[in-house]
Amino acid sequence: MNPDPGLDLHTLRALAAPTTRAHAVDQIGDRIAGHLDRHDGYLAFSGGKDSLVVLDLARRVCPQVPVVFFDSGLEYPETYDYIGELAHTWNLDLHVVAADPPLLDVLIASGQWAHGPTHDAPAPAVDLHEVLIGGPSRRAHEMFGAGELWGVRADESRGRRALYTRGGRRNGIIERADGTVAYGPIWNWSHHDVWAHITRDQLPINPVYPKLAALGVPEHQQRISHLIDGNHLHRGRLTWLRSGWPTLFDRLTDALPRLRQLI
């Protein structure tokens, strides 16, 4: 016979958690299915923890949803292997949409990462958002339809919080001016919620996470994304890259010499 939990809040939460969680996951599954019924589309998968959880939830209700990996050309080597292995293990309908031109080519062409003055005409400014997100996502929508599932969460930044709450909306749906519609099934989940789901369901995580942790990277800065883009380099990313991936770091600094000045 189970002991009476009394009024102990932690015990009551522990007893209620499995049922509450199952109900919440079922509700999210229904919303995902409804979104895919209303909008043909795809699931954007970066190889990171948030999109992993969305992929896990989506494949429960739509096992063959198209999964799109946007490849900047400068991802962690482990990310490529991880996504390939997961696609095989989970039988994913995986599609790779590459940045055109690749990110490294864009950074080299900018001339901003070379040593010394240049006598060439300045390279035209390049919109990295267009190269890495805008262009690839348009190609994915042309392939699969107007709908999109993604792992963007509101508590990641003020901008993302505003994106989800603009106009009083609080349903995780973003309707864009171009007619595309994104749904973030875990838009209101916390960092802890995400890792708790991964742990409880024993989801396979990208090996970059434990490698970053071993390098001493704070948990809130352990991100799976392209290696460099000109942003946030002052937050230690280059130091971690040099320590964890020295051969890759040397290749990058050969192509972009000024990177060494930022360490």
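Can you confirm whether L57 is part of a helix (DSSP H, G or I), within 28 Å of I228 (Cα to Cα) and either open to solvent by 30 Å² or more (accessible area, probe 1.4 Å) or at pLDDT 95 or above (or both)? Spell out how you get there, then give the answer.
On the way: part of a helix (DSSP H, G or I): yes; within 28 Å of I228 (Cα to Cα): no; either open to solvent by 30 Å² or more (accessible area, probe 1.4 Å) or at pLDDT 95 or above (or both): yes.
It is false that L57 is part of a helix (DSSP H, G or I), within 28 Å of I228 (Cα to Cα) and either open to solvent by 30 Å² or more (accessible area, probe 1.4 Å) or at pLDDT 95 or above (or both).
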Please tell me if L43 is buried (at least 16 other Cβ atoms within 10 Å of the Cβ), modelled with pLDDT of 95 or more and within 16 Å of P136 (Cα to Cα).
yes
Taking interchain pairs and intrachain pairs at least six residues apart, which have beta carbon atoms under 9 angstrom, with the first residue in region 169-180 and modelled with pLDDT under 95 and the second open to solvent by 80 Å² or more (accessible area, probe 1.4 Å) and acidic (D, E)?
R169/E175
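Considering each residue of region 56-69, count those that are touching a strand residue (DSSP E or B) at 6+ places or on another chain (Cβ under 8 Å) and either more than 25 Å from L132 (Cβ to Cβ) or without any contact (Cβ under 8 Å) to a residue 24 or more places away in the chain (or both), and give that number. Even if it seems obvious, please write down each step before you answer.
First pass over region 56-69, keeping only residues touching a strand residue (DSSP E or B) at 6+ places or on another chain (Cβ under 8 Å): 58, 64-69.
With either more than 25 Å from L132 (Cβ to Cβ) or without any contact (Cβ under 8 Å) to a residue 24 or more places away in the chain (or both) added as a condition, the list becomes 64.
Adding up the residues that qualify gives 1.
Does G244 qualify as being among the small types (G, A, S) and at pLDDT below 95? First the steps, then the outcome.
Values: among the small types (G, A, S): yes; at pLDDT below 95: no.
The answer is no for G244.
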Which pairs do you get when a residue that is farther than 8 Å from E148 by Cα, found in region 36-47, comes within reach of a residue that is at pLDDT below 95 and buried (at least 21 other Cβ atoms within 10 Å of the Cβ), reach meaning Cβ atoms under 9 angstrom, with the pair 6+ apart or on two chains?
S46/I224; G47/I224
Residue count, region 165-175 (criterion: surrounded by fewer than 16 Cβ atoms within 10 Å (Cβ to Cβ) and part of a loop (DSSP other than H, G, I, E, B))
3
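Kindly indicate the residue of region 176-192 that is in contact with a Lys or Arg (Cβ under 9 Å, 6 or more places away or on another chain) and not in a loop (DSSP other than H, G, I, E, B) and also surrounded by the most Cβ atoms within 10 Å (Cβ to Cβ) among those meeting that condition. Walk me through it before giving the result.
Applying the first criterion (in contact with a Lys or Arg (Cβ under 9 Å, 6 or more places away or on another chain)) to region 176-192 yields 178, 180-191.
Imposing the further condition that a residue be not in a loop (DSSP other than H, G, I, E, B) reduces the set to 181-183, 191.
Values: V181: 18, A182: 22, Y183: 25, H191: 14.
Ranking the qualifying residues of region 176-192, first place goes to Y183.
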It is to be established whether one or more residues within region 95-107 are more than 22 Å from the chain's Cα centre (by Cα), at pLDDT below 95 and among the aliphatic types (A, V, I, L, M).
no
Among the listed residues G111, G151, G135, identify the single one that is modelled with pLDDT of 95 or more, under 30 Å from P257 (Cβ atoms) and among the small types (G, A, S).
G135
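Tell me whether region 68-80 contains one or more residues that are in a helix (DSSP H, G or I), among the β-branched types (V, I, T) and under 26 Å from D30 (Cβ atoms).
Residues of region 68-80 that are in a helix (DSSP H, G or I), as a first pass: 77-80.
Subsequent filtering for residues that are among the β-branched types (V, I, T) retains 79.
Next, from what is left, pick out any that are under 26 Å from D30 (Cβ atoms): none.
No; the residues of region 68-80 include none that is in a helix (DSSP H, G or I), among the β-branched types (V, I, T) and under 26 Å from D30 (Cβ atoms).
Checking the conditions here, which among L248, L259, L212 is part of a helix (DSSP H, G or I), buried (at least 18 other Cβ atoms within 10 Å of the Cβ) and touching a residue at least 40 places away in the same chain (Cβ under 8 Å)?
None of the other options fit; the residue is L259.
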Can you name the number of the only condition in (1) part of a loop (DSSP other than H, G, I, E, B); (2) free of Cβ contacts under 8 Å to residues at least 12 places away in the same chain; (3) farther than 30 Å from Q27 by Cβ that A114 fails?
(2)
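The values are calculated or read from the model by the stated rules, or taken from the named source; none is laboratory data. Values in this document were obtained by computation on a predicted structure and should not be read as measured data. For neighbour counting, all protein chains shown are included, and Cβ atoms are generated from backbone atoms with ideal geometry for every residue, glycine included. These accessible areas exclude ligands, DNA and RNA; they are computed on the full protein's heavy atoms, side chains included. Shrake-Rupley method; radii C 1.70, N 1.55, O 1.52, S 1.80 Å.
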